[in-house]
C-alpha cells in the first residue's frame, strides 16, 4: 500500500471553530473519494514540545489511488477554504508501506 | 489507538549509507519494543516538490505504549547515532486515532 502523511502548524489566524470545521470536512472525504483505504486525522495530543498542530495519514492501494485523492475537487476545496488560509508551516511525505 | 508521526529533512551530511543504516535500525525496533502495534517507515516517494525526506508512523494501544517507545533505550540509541547527526528539520505529531 501507499501512504500520504502531512502535518500542519496553524497560524495565529486559526481559531478553534476553524479547526473543528476542518476536522469535520476531512472526515467527510473518505465517503466521497473511493480510493481512500484508511484515513485518520487529528490534533496533536500535546505530549511533546515543539510538535506541529495537526496530522493527516491516508492510505491507498497504490500511488494512483493517492493521486486521485490529491487532485480530487472536494479535497482541493478543503485545502483552499479550510487549510491554506491558516497554515504557518506544512510538512509532507508520501511513501510505500512495503506490504 | 494512539499514533506517533514524525518526518525528517536530512542535512547535506546525510549519505545513502546513513539512510540505509537508519531504515535497517528502525525496522529492528518493533522486535524489541513490544508496545509497538504497527510500524511503517520509509523515504519520500518523490512525487511532490517541497516534501520532507523520510517518515515514521507508529501505532500503539494508548499514550503509555507510545511513551515506552519514545523513551526506550534502543530507540534513543537510533536517534542519537543515526538520526540527530543528519537532521536538518523535524516535524512530529502524536494523535488519538479515535478507534
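Considering helices alone, the calculated mean residue ellipticity of chain B at 222 nm is -9500 deg cm²/dmol, with DSSP H runs of length four and up weighted by -39500 (n - 2.57) and normalised per residue.
The share of alpha-carbon pairs in chain A lying farther apart than 22 Å comes to 27%.
For the residues of B:3-10, the average number of beta carbons from a partner chain within 10 Å of their own beta carbon is 5. Its convex hull of Cα atoms gives the protein assembly as shown a direction-averaged projected area, equal to a quarter of the hull surface, of 10.8 nm². Largest GNM mean-square fluctuation across A:29, A:82, A:67, computed for chain A with C-alpha springs under 10 Å, falls on A:67. The mean count of C-beta atoms from other chains within 10 Å of the C-beta of residues in A:39-48, rounded to a whole number, is 6. Mean separation of Cα pairs under 8 Å and 6+ residues apart, divided by the residue count of segment A:1-58: what relative contact order is that in percent? Rounded, it is 50 percent for segment A:1-58. Note on chain B: with a GNM built from Cα contacts shorter than 10 Å, the maximum mean-square fluctuation among B:17, B:74, B:88 falls on B:17. Counting, for every residue in A:85-98, the Cβ atoms of other protein chains within 10 Å of its Cβ and taking the mean gives 6. Computed over all pairs of different Cα atoms, the Kirkwood value for the hydrodynamic radius of segment A:41-99 is 13.5 Å. Spatial offset of segment A:1-66 relative to segment B:2-48 amounts to 20 Å, using the alpha carbon center of each.
Read-outs: derived from the displayed coordinates by stated rules, not from any lab. Only a predicted model underlies this, so the values are computations on that prediction, with no experimental measurement involved. In this analysis, Cβ positions are derived from the backbone assuming ideal geometry, glycine residues included, and neighbour counts consider all displayed protein chains.
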